[in-house]
Amino acid sequence: MSTNEKQTKKIKLVGGKTELFLLGVLALLFLVFGLTSPVFFRFSNLMNLLRQTSIYGIVALGMVFVIISSGIDLSVGSVLGFSGTVTALLLTNNVNVVVAILIAIVACAAIGLVNGVLIYDGKVPPFIATMGMMSLVRAMLMLMTNARMISGFPESFLGIARAEVFGVPLLAVVWITLTIIAWFVAKKTVFGRNVYAFGSNEESARLSGINTRLTVYGTYIFSAVMCAIAGILITSRLSNAAPTTGTGYELDAIAAAVVGGASLSGGKGSITGVFLGAIIMSTLRQGGTLLGINSFIMEIVIALLIVAAVLLDQMQRRRGGVK
């Protein structure tokens, strides 16, 4: 067995243990909040938990691909807001709902492509490239909306966020469906394997014949498309589009990925992990709210959880000999 195969096997083993650990943490949180709050296990509360998690859970699906590729995408919050604003402007100008949604997704995919070009061809560090894009897109939103909120959408669009499938919010159904698709892409496609290989060692991936340019492009386009879908959903849920929508979502997405076991060093992460990480963060926030715990205290707890996850990843990599 080659050295690369041994490292891959070690990473998979650690990833499996991480997911089991996350399930244990989630079960413990449910037990604690279920025993301390009489409303936590009510069906309406659990559905509200899914509804709250779904938006940044979708954004986190794109973010985890970027992190696995050893990159970062700080523009996700702005791209989410851009998607919602483009959709809103089109809808208020009597464009068909489906057409408006498709245009918004394509426009966001183009932003993802620009990120990929800057990072791969321009050799701009991902942090700088996406931070610049974050500021650029947010400024564009202010110009497009004159810093005003947009509302007045057709009922067919507003009904997206209100719809349910067998009692489960459509928002959550979309999130779960996208999670399954992302898992398939990561585990069963050449592109998914290429992302892991690129994140583990870019030079080795190139020498192995992997088209590293298309891998980088595809990763950032995928992230942008996830943001586009999330932006459309949140606009439907809020019944308006504001130029500040999505602010801070990049931090939540990164946190969900890191808590879910993704390594900021690249080459490691799982869709199941980021799914569980997003739910854990939402459960902490909602449970704290139900118990009347100061929201700032809960943010401190989540911050400590993120730092602990990064420290644990570094310890596991040193122990496993994975650099």
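From largest accessible area down, sort Trp183, Trp175; use a 1.4 Å probe on the protein chains.
Putting Trp183, Trp175 in descending order of accessible area: Trp183, Trp175.
Given a cut-off of under 8 Å on Cα pairs at least six residues apart, what relative contact order in percent is computed for the range 18-124?
13 percent
Zone of Thr92 (label point 7 Å along Cα→Cβ, backbone N under 12 Å): which residues in the range 228-246?
Residues 240-243 qualify, since their backbone N sits under 12 Å from the label point.
Set Lys and Arg Cβ to +1 and Asp and Glu Cβ to -1, take the dipole of the range 192-323 about its Cα centre, and tell me which of Ala197, Ser263, Ala230 lies farthest positive.
In the range 192-323, that residue is Ala197.
Within a Cβ distance under 15 Å of Leu284, other residues only, what is the Lys/Arg minus Asp/Glu net charge?
Local charge sum for Leu284: -1.
What is the calculated FRET efficiency for Asn45 to Phe166, with r their C-beta to C-beta distance and R₀ = 22 Å, to the nearest 0.05?
0.80
Taking only C-alpha pairs under 8 Å that are 6+ residues apart, what is the relative contact order of the range 68-285 in percent?
38 percent
Tell me, what % of the accessible area of the chain is carbon and sulfur with a 1.4 angstrom probe?
Here it works out to 69 percent.
Would you calculate, for the chain, the mean residue ellipticity at 222 nm contributed by helices, counting each DSSP H stretch of 4 or more residues as -39,500 (n - 2.57) and dividing by all residues, to the nearest 500?
When only DSSP H runs of four or more count, the value is -26000 deg cm²/dmol.
Return a whole-number percent for the relative contact order of the range 195-323, with Cα pairs under 8 Å and 6 or more residues apart as the contact set.
Reported as a whole number, the value is 21 percent.
Within the chain, count lysine pairs with alpha carbon atoms under 12 angstrom apart where the residues are 8 or more positions apart or belong to different chains.
For the chain, qualifying lysine pairs total 6.
Can you tell me the FRET efficiency between Met149 and Leu102 if r is taken as the Cβ-Cβ distance and R0 is 30 Å, rounded to the nearest 0.05?
0.80
Once you sort the root eigenvalues of the Cα gyration tensor of the range 83-192 as a ≥ b ≥ c, which label holds: rounded (a/c under 1.5), prolate (a/b larger than b/c) or oblate (the other case)?
oblate
For the range 186-195, in order, what is each residue's ³J(HN,Hα) by Karplus, 6.51 cos²θ - 1.76 cosθ + 1.60 with θ = phi - 60°, in whole Hz (x at glycine and Pro)?
5, 9, 10, 10, 4, 4, x, 5, 5, 4
The values are calculated or read from the model by the stated rules, or taken from the named source; none is laboratory data. From a predicted model like this one, the values you see are computed outputs, not experimental measurements. As a convention, Cβ positions derive from the backbone with ideal geometry for all residues, glycine included, and neighbour counts pool all protein chains shown. Keep in mind that these areas ignore ligands, DNA and RNA; they rest on the heavy atoms of the full protein, side chains included. Shrake-Rupley method; radii C 1.70, N 1.55, O 1.52, S 1.80 Å.
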